[in-house]
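Only one structure is covered here, and it is reproduced in the block below.
The values are calculated or read from the model by the stated rules, or taken from the named source; none is laboratory data. Treat the numbers as computed from the prediction; the structure is a model and nothing was measured. Cβ placement follows ideal geometry from the backbone for every residue including glycine, while neighbour counts extend to all protein chains displayed.
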């Protein structure tokens, strides 16, 4: 980890990684922030015209995760990438809205969206993840490949991850996340004051989540329970953290299921298939099956269809699989006898 991450131990005690304990308001409200530009679109099903807002620019200052999730400083563009019609719930990436829909596909698509609409009072209340799920269903109905549908589920999972990890600067994949976590850990162990220790453990859990270190993440969450309450609402925040982790995992499972179906169908370019095999392995790791992930990724590394980038990513994740915990090591505190 670069020395500029922490200029002194007192700063580490006060902030550690970023002071991300509070849930960002933007994660809940989804309002258009400064730096957005308006775009007018037309619903291809009913002709309704409306305006949406998209980021005018972005950056890559937050680095990336092994599964391809990249991060900007500020609002993540993917939160705005799927446009949902307020009248029909038609949902798709904004760049796909100008593509015409064949007339023979419209009845089935309308029936699908009408079924969904019974449970949606206001399209504006949908989260980015909800919109990605809708977009995946629409894409499937319109004949998109399994790989395209799976990518929509995966990107939807990333929008949930955004609400968990916040902004951590310059984390470059799994090995880099592991190195930053290991280098920071001694400073965490020195913290004994409840408030600082609670904040530090939440931040470490966020970094572990970005890296896909599921058992380390569980250990940090268990340690949070064992710190005396410091007026931070840690118990509620811990429960919300775990709820969001499960929400992300649900979408990761959907993405992996669709990717595997695509691989079984034996379609696509060999290099694309190599990347999907890598994603299968990486999502399997993030979902906690480390042995299964290792088997898949070893195959990716040896696959002649995988390009050099894919093989390098597999090698990076395999290196982490050699060191990350295979089981939780921190046991919950024994319940107190009344």
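Does any residue of the stretch 57-79 turn out to be over 17 Å from the mean Cα position of the chain (by Cα), surrounded by fewer than 17 Cβ atoms within 10 Å (Cβ to Cβ), outside the structural domain of residue 211 (by TED's automatic domain parsing) and farther than 30 Å from residue 316 by Cβ?
Going through the stretch 57-79, the residues over 17 Å from the mean Cα position of the chain (by Cα) turn out to be 57-59.
Filter once more, so that each one left must be surrounded by fewer than 17 Cβ atoms within 10 Å (Cβ to Cβ): 57-59.
Those still in the list that are outside the structural domain of residue 211 (by TED's automatic domain parsing) too: 57-59.
The next check asks that each one be farther than 30 Å from residue 316 by Cβ; those that pass are none.
Within the stretch 57-79 (the criterion being over 17 Å from the mean Cα position of the chain (by Cα), surrounded by fewer than 17 Cβ atoms within 10 Å (Cβ to Cβ), outside the structural domain of residue 211 (by TED's automatic domain parsing) and farther than 30 Å from residue 316 by Cβ), the answer is no, since none of the residues qualifies.
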**OP:** Select from the stretch 42-63 the residues that are touching a residue at least 60 places away in the same chain (Cβ under 8 Å) and more than 30 Å from residue 102 (Cβ to Cβ) and list them in ascending order.
**Re:** 61, 62, 63
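Mind checking which residues of the stretch 110-124 are in a helix (DSSP H, G or I) and under 19 Å from residue 41 (Cα atoms)? Explain how you work it out, then say what you get.
Of the stretch 110-124, the ones in a helix (DSSP H, G or I) are 110-117, 123-124.
Of everything in the stretch 110-124, those that are in a helix (DSSP H, G or I) and under 19 Å from residue 41 (Cα atoms) turn out to be 110, 113, 123, 124.
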Subject >> Lone qualifier among 144, 123 - being free of Cβ contacts under 8 Å to residues at least 40 places away in the same chain and closer than 25 Å to residue 56 by Cβ >> reply: 123
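Does residue 282 satisfy the condition of being surrounded by 15 or more Cβ atoms within 10 Å (Cβ to Cβ), more than 18 Å from the chain's Cα centre (by Cα), modelled with pLDDT of 95 or more and part of a helix (DSSP H, G or I)? So that I can check it myself, show each step before the final result.
Values: surrounded by 15 or more Cβ atoms within 10 Å (Cβ to Cβ): yes; more than 18 Å from the chain's Cα centre (by Cα): no; modelled with pLDDT of 95 or more: yes; part of a helix (DSSP H, G or I): yes.
Here the answer is no, as residue 282 does not meet what is asked.
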**OP:** Quickly run through the stretch 86-109 and pick out the residues that are within 24 Å of residue 248 (Cα to Cα), in contact with a strand residue (DSSP E or B) (Cβ under 9 Å, 6 or more places away or on another chain) and not in a strand (DSSP E or B).
**Re:** 90, 94
Original post:
Taking the stretch 47-62 as the region of interest, how many residues are in contact with a helix residue (DSSP H, G or I) (Cβ under 9 Å, 6 or more places away or on another chain) and either under 15 Å from residue 92 (Cα atoms) or modelled with pLDDT of 95 or more (or both)?
Top reply: 3
Original post:
How many of the residues making up the stretch 220-265 are in contact with a helix residue (DSSP H, G or I) (Cβ under 8 Å, 6 or more places away or on another chain), closer than 22 Å to residue 181 by Cα and surrounded by fewer than 16 Cβ atoms within 10 Å (Cβ to Cβ)?
Top reply: 2
